[in-house]
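Working notes for the structure below.
The values are calculated or read from the model by the stated rules, or taken from the named source; none is laboratory data. What you see is a predicted model; the values in this text were computed from it and never measured. So basically every Cβ, Gly included, is an ideal-geometry build from the backbone, and we count neighbours across all protein chains shown. The area values use the complete protein model at the heavy-atom level, side chains included, leaving out ligands, DNA and RNA. Shrake-Rupley method; radii C 1.70, N 1.55, O 1.52, S 1.80 Å.
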Amino acid sequence: MKTTSSDLLEFEALRELVARYIASPLGLALLREAAPHTDRVRLELALADVAEAIAYVQAASKPHPAVRGAAVRIRFDSLSDPTEALQKLRIEGTVLEAKEILQLTGLMDLASDVKRLLGSVAERFPRLAGRGREIGEFHSLVRDLVGKVLPDGTLADDASPALARLRRDIDRQRKLVQESLERFLRIHREENVLQEEFVTIRNDRFVVPVIAGRQRKIEGVIHGASGSGHTMFVEPLETIELNNELVRLSEEELREIHHILREMTASLRASGEAIAATAKVLGDLEFLFAKARFASDFDCTVPRFSPSEARRLSLREARHPLLADVLRRQKKPIIPVSLELTEDCRTLLISGPNTGGKTVTLKTVGLLALMAQAGFPVPCSEAEFPLFGQVLADIGDQQSIQESLSTFSAHICRVRDMLDAADSTSLVLLDELGRATDPEEGGALGVAVLERFRSAGAFTLSSTHLMALKVYGASTPGVVNASMGFDDETLRPTYVLKVGAPGKSAGLEIAKRLGIPDVLIGEAGQRLGSRERDLSSFLSDLHRRLDRLAAQEQELREMKEALIARQKSLATEWERRESAKLKELERRYELVLEKFDSQAQEAIERIVAEAERKKVASSAMRRVGGLKRGLREELEVTVVSTQNESRQGALETPKAQITEGVRVRLKNIREPARVSRKLAGGLIEVQAGFLKLQVSEDDVLEVLPDAGGGAGLPKHVTYRPAVQPAQAVQEINVIGQRAEEACDAVEKFLDNAVLAEATRVRIVHGHGMGILRRAIAELLAKNPNVEKFHAGDQFEGGAGATIVELKG
């Protein structure tokens, strides 16, 4: 990405802000390398990682039980830069120092912890877990090395058995030397040859301090003098052999340490490439989590990039991160800005009072665009950017005495360079376009410059006080005015960006607030022409109306939210009531089941007592089947009754009069019945299917409209005399019906036949494709009332009919 404005937009200061969240040299190096670019795929992948890291940081900041799968904050404080040590590993024969081995051991230990933590949250954070899988496996190597190098860079005594033995020998020998020298000091204490009574070390040998000039009185080796020359350091003759042994043991210790370091280095060299790759992953993760913690602290969002065919620059509640940091330390709130530019409207002109926030708005948009294209989250509630090829800005005073540039000259030179570089992929930011010259000429020049940027297809934001630019914004398609708010009562800017209308500069008001005497302000107001005063008054009135409109919109929005909340509340209440009705229905259903169990038991006991032994089971099954049908009928009636109760304002329909010939629905009888005649005592005689019954009129649930036909016979059911004499055959014809409909009809037909105690029936299904015949055969095979079934004889319809023999 080409950018000539990162310094003006303070991108380096942003890096310093993010650096607060990075502890290691590896993460800081990645931060220094972070820069805006235009690779959409790489940006979207990087921002997807940032989004997941933000979610992880937020999850880790909440209290959670110590269970597997919980997000735990990952710290990188102990991560150091292993570059030098890894470079030495690449040179065969080199031996790492103990501190370098300790550094690499700590890196591998940290890597193992990070790999484990990210692996445990793979289901919730798959992208982070993928990064964790890139970390090498170092458990065995860390186990061999950990604890062998102490934090001060020395080897531990247990680094090897030989080293432990040598150090024990050295301790014993050093004690012998010290005891020998202490005896020497006691012996010569009265001879006035000792400078002081203590033992010290010179040239790695234990010596005693002797007064200069008296060393000849002591047999021994001189190892040097003090800086003043008053003291000579002498190794007594009786301790020379003891010191020699101590030196020999120390040299053996050094050789053993070198041997141990060489073996450790060889182990690390075998995994050098994996350690280097792991170090890179850890650096990437620290940088990633630094961005996530920055996002959490500054309430950032992950930006989106609009498609190239529908470019869009949209910011909601955007805040400048550097300004937010300053105001936070001052405990002051920051006023966010919101704006939107599209392919059809790419130019925004911002006007309003001085010190009102126009320049901050330009810098905010520019810096956030750079942040997004560098893979950083941006401090907004929502952000969408086109993929800019370059960000061009002219902000602030660029005058230079060395280059003989005035404010206007520097401004124009900068604009010239921007005009040469701008294209359709550019974001252009212009602060006070046309400033520092005659307002009319500056306004005309500003309009021409903006028109050139607009025709080039660039997204442009410009601040201005010039009337010509405000008029241009109000009259040109694709250009929109905006203003920074100003409170006429307090004479202070509100820093609120309002899109849709230009703002007044309020120069006199600002000057008055900053301490210019009222007399001068009054004189200046009188010198204003009527046109300027009218225009200022018009803009003030326009903004008051816009404020009222915004307040009304907010009120309507709140009313809409209240209505939505009320609707949700009503829906919840309705669901609660329906749930209560359903529970009542279930209660009634249970009562019906209990009643069924009781009636079934009574019926079975009665059948067992009255029936013959061979017919007990079959009769019980038929009676139970009848009771089941009655149960279904009663359950349906119960459901209908419950539904009727839930209908508000339902009216009860009076029961029609029961007369001979009408069709009625009876309690515990599934099929409709037809009234044959009325009897005394409130009884009626009905024909229900194959049954003729006498029931009470109270058992009539409803009078049905007359559907014609026989006395309540099921559809398609007829009586035909059988071929054999004195034998009646019941018959159903399902030709032309679908398989499902036919099976339902046959099942009801069989129930009726069982109730009528028929032993043999015929089902006419026709030949056709054999679908009906197969479906009916499957049904008959499962029916408990069917003894057996077969195709009819030639005079019974052949394969077009099925003869069914029922259990007796």
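Residues in the stretch 314-344 that are of a type in the set (A, V, I, L, M) and within 24 Å of the chain's Cα centre (by Cα): LEU315, ALA318.
Residues considered: ALA85, ALA156, ALA111. Of these, the only one that is more than 43 Å from the chain's Cα centre (by Cα) and either of a type outside the set (D, E, K, R) or surrounded by 15 or more Cβ atoms within 10 Å (Cβ to Cβ) (or both) is ALA156.
Pick from the stretch 661-678 the residues that are in a loop (DSSP other than H, G, I, E, B), on the phi < 0 side of the Ramachandran plot and at pLDDT below 85: which of them is most open to solvent (accessible area, probe 1.4 Å)?
Keep residues of the stretch 661-678 that are in a loop (DSSP other than H, G, I, E, B), which gives 661-662, 667-672.
This time we only want the ones that are on the phi < 0 side of the Ramachandran plot, so: 662, 667, 669-672.
In the following step, the residues that additionally are at pLDDT below 85 were identified as 667, 669-672.
On the way: LYS667: 103, ILE669: 44, ARG670: 76, GLU671: 38, PRO672: 24 Å².
Looking at residues that are in a loop (DSSP other than H, G, I, E, B), on the phi < 0 side of the Ramachandran plot and at pLDDT below 85, I get LYS667.
Please specify each residue of the stretch 255-277 satisfying the condition of being part of a helix (DSSP H, G or I), within 17 Å of SER140 (Cα to Cα) and either open to solvent by less than 30 Å² (accessible area, probe 1.4 Å) or among the hydroxyl-bearing types (Ser, Thr, Tyr) (or both). Lay out the reasoning, then the answer.
Just the residues of the stretch 255-277 that are part of a helix (DSSP H, G or I), to begin with: 255-270, 272-277.
Then drop every residue that is not within 17 Å of SER140 (Cα to Cα), which leaves 263-270, 272-275.
Answer for the stretch 255-277, where residues must be part of a helix (DSSP H, G or I), within 17 Å of SER140 (Cα to Cα) and either open to solvent by less than 30 Å² (accessible area, probe 1.4 Å) or among the hydroxyl-bearing types (Ser, Thr, Tyr) (or both): MET264, THR265, SER267, LEU268, GLY272, ILE275.
If I ask for residues that are free of Cβ contacts under 8 Å to residues at least 60 places away in the same chain and either aromatic (Phe, Trp, Tyr) or part of a helix (DSSP H, G or I) (or both), which ones from the stretch 105-125 would you list? Can you show your working first?
The first filter runs over the stretch 105-125 and keeps only residues free of Cβ contacts under 8 Å to residues at least 60 places away in the same chain, leaving 105-106, 109, 112-113, 115-120, 122-123.
Of everything in the stretch 105-125, those that are free of Cβ contacts under 8 Å to residues at least 60 places away in the same chain and either aromatic (Phe, Trp, Tyr) or part of a helix (DSSP H, G or I) (or both) turn out to be THR105, GLY106, ASP109, SER112, ASP113, LYS115, ARG116, LEU117, LEU118, GLY119, SER120.
Considered as a group, the residues in the stretch 729-774 that are open to solvent by less than 20 Å² (accessible area, probe 1.4 Å), among the small types (Gly, Ala, Ser) and more than 23 Å from GLN687 (Cα to Cα) include one that is nearest to the chain's Cα centre (by Cα), and that residue is ALA742. Assessment of the stretch 237-249 against the conditions (in a helix (DSSP H, G or I), modelled with pLDDT of 90 or more and open to solvent by less than 50 Å² (accessible area, probe 1.4 Å)) yields at least one matching residue.
Scoring LEU362 on the criteria (1) touching a helix residue (DSSP H, G or I) at 6+ places or on another chain (Cβ under 8 Å); (2) in a helix (DSSP H, G or I); (3) closer than 18 Å to VAL496 by Cβ leaves a single failure, condition (1).
Regarding the stretch 278-291, can at least one residue be identified that is of a type in the set (Asp, Glu), open to solvent by less than 50 Å² (accessible area, probe 1.4 Å) and assigned to a helix (DSSP H, G or I)?
Taking the stretch 278-291 first, the residues of a type in the set (Asp, Glu) are 284, 286.
From what's left, open to solvent by less than 50 Å² (accessible area, probe 1.4 Å): 284, 286.
Filter again for assigned to a helix (DSSP H, G or I), leaving 284, 286.
For the stretch 278-291, residues of a type in the set (Asp, Glu), open to solvent by less than 50 Å² (accessible area, probe 1.4 Å) and assigned to a helix (DSSP H, G or I): present.
Note on the stretch 455-477: residues that are more than 20 Å from GLY389 (Cβ to Cβ) and part of a loop (DSSP other than H, G, I, E, B) total 5.
Tell me yes or no: at least one residue of the stretch 331-348 is part of a helix (DSSP H, G or I) and either touching a helix residue (DSSP H, G or I) at 6+ places or on another chain (Cβ under 8 Å) or surrounded by fewer than 16 Cβ atoms within 10 Å (Cβ to Cβ) (or both). Within the stretch 331-348 (the criterion being part of a helix (DSSP H, G or I) and either touching a helix residue (DSSP H, G or I) at 6+ places or on another chain (Cβ under 8 Å) or surrounded by fewer than 16 Cβ atoms within 10 Å (Cβ to Cβ) (or both)), the answer is no, since none of the residues qualifies.
If I filter the stretch 12-58 down to residues being part of a helix (DSSP H, G or I) and of a type in the set (Asp, Glu), which single residue comes out as farthest from LEU288 (Cα to Cα)? It would help to see each step written out before you state the result.
The initial filter retains those residues of the stretch 12-58 that are part of a helix (DSSP H, G or I), namely 12-19, 25-33, 40-58.
Going one step further and asking which of them are of a type in the set (Asp, Glu), we end up with 12, 16, 33, 44, 49, 52.
Details: GLU12: 18, GLU16: 16, GLU33: 13, GLU44: 14, ASP49: 8, GLU52: 10 Å.
The selected residue is GLU12.
Would you confirm whether or not the stretch 429-445 contains a residue that is surrounded by 18 or more Cβ atoms within 10 Å (Cβ to Cβ), at pLDDT below 85 and part of a loop (DSSP other than H, G, I, E, B)? Yes.
Determine whether the stretch 298-308 contains at least one residue that is of a type outside the set (S, T, N, Q), in a helix (DSSP H, G or I), in contact (Cβ under 8 Å) with a residue 12 or more places away in the chain and surrounded by fewer than 22 Cβ atoms within 10 Å (Cβ to Cβ).
First, the residues of the stretch 298-308 that are of a type outside the set (S, T, N, Q): 298-300, 302-305, 307.
Now drop any that are not in a helix (DSSP H, G or I), which leaves none.
No: the stretch 298-308 contains no residue that is of a type outside the set (S, T, N, Q), in a helix (DSSP H, G or I), in contact (Cβ under 8 Å) with a residue 12 or more places away in the chain and surrounded by fewer than 22 Cβ atoms within 10 Å (Cβ to Cβ).
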